[in-house]
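Written out below as structure tokens is the structure these notes cover.
Every read-out reported here was derived from the displayed coordinates using simple, explicitly stated rules and does not represent laboratory data. Please read these numbers as outputs of a predicted model, since none were measured by experiment.
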């Protein structure tokens with residue numbers, strides 16, 4: 001397994017995330033409804049709004065998963081935040097970076113993964129909107145565009161939060 | 001609503017659910033399908049239909065209906081009767097929770113090209129708008145052919 005790489009600007013990235021004052025806050029309908037919509041739209045058992053903290057990925061919104069966080073090292077989203085656009089793993093069992101990852105071989109059995117990076121206006125990527133299935137999948141061009149749109153709508157909400165905080 | 005060209009279609013989406021509406025409208029733009037104008041209720045849809053010409057429409061026919069009715073075909077009638085700024089024969093698809101034989105008969109009479117049932121997905125609506133674009137191109141080609149033969 002390839003542990004999620006740490007970007008060279010991680011300290012600044014983490015500072016940008018923490019400035020949002022969003023980590024460990026209660027669920028909010030405006031984020032939950034995007035996760036619910038994504039799960040239904042793509043017929044996925046799991047849809048998450050994840051934020052990548054120093055040693056964990058924490059879920060601001062989640063559908064189909066009981067835990068509120070997992071380790072950063074095993075996270076797919078930890079890889080996705082280093083990508084310029086949507087990160088797709090059609091079948092994790094066939095990808096040497098993930099095949100023996102404990103969240104692939106055990107619960108929640110991540111086989112298909114698609115993560116759209118949440119890149120703030122500052123340029124720092126704080127997390128992802130991600131979709132997970134227990135079987136191999138592909139996304140076509142329209143589905144990729146829909147996932148990008150949902151990510152953009154989430155970014156609008158996050159920016160509103162940042163502007164409100166700055167008052 | 002700007003001047004329409006075969007490459008830039010103006011289409012109408014009447015749907016109460018904001019997230020679905022916004023997702024379809026923004027994604028249509030990013031895919032280059034054209035501009036999807038949004039109406040969240042009957043009155044704003046009526047106003048848009050009166051003021052602007054559209055190349056096609058997807059209409060949730062249970063949008064804002066009175067409690068004892070299950071659907072409202074007033075917007076379809078407005079278009080088909082020529083009481084809108086659009087060509088009366090524009091393609092129209094409808095969205096509805098569930099269809100009944102009476103409803104389907106009423107929709108057939110109004111030349112509805114597609115009935116979309118729940119669960120409503122952005123992809124299905126986008127595919128529908130994409131078929132409108134194809135129909136519009138085919139119609140434009142047919143009109144050119146007819147002009148050449150006259």
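Determine the calculated [θ] at 222 nm for chain A from helices alone, applying -39500 (n - 2.57) to every DSSP H run no shorter than 4 residues and normalising by the residue count; nearest 500 deg cm²/dmol.
-10500 deg cm²/dmol
Using every pair of alpha-carbon atoms in the protein assembly as shown, split the distances into 10 Å bins beginning at 0 and state the percent of pairs per bin, rounded to integers.
6, 24, 27, 21, 15, 7, 1, 0
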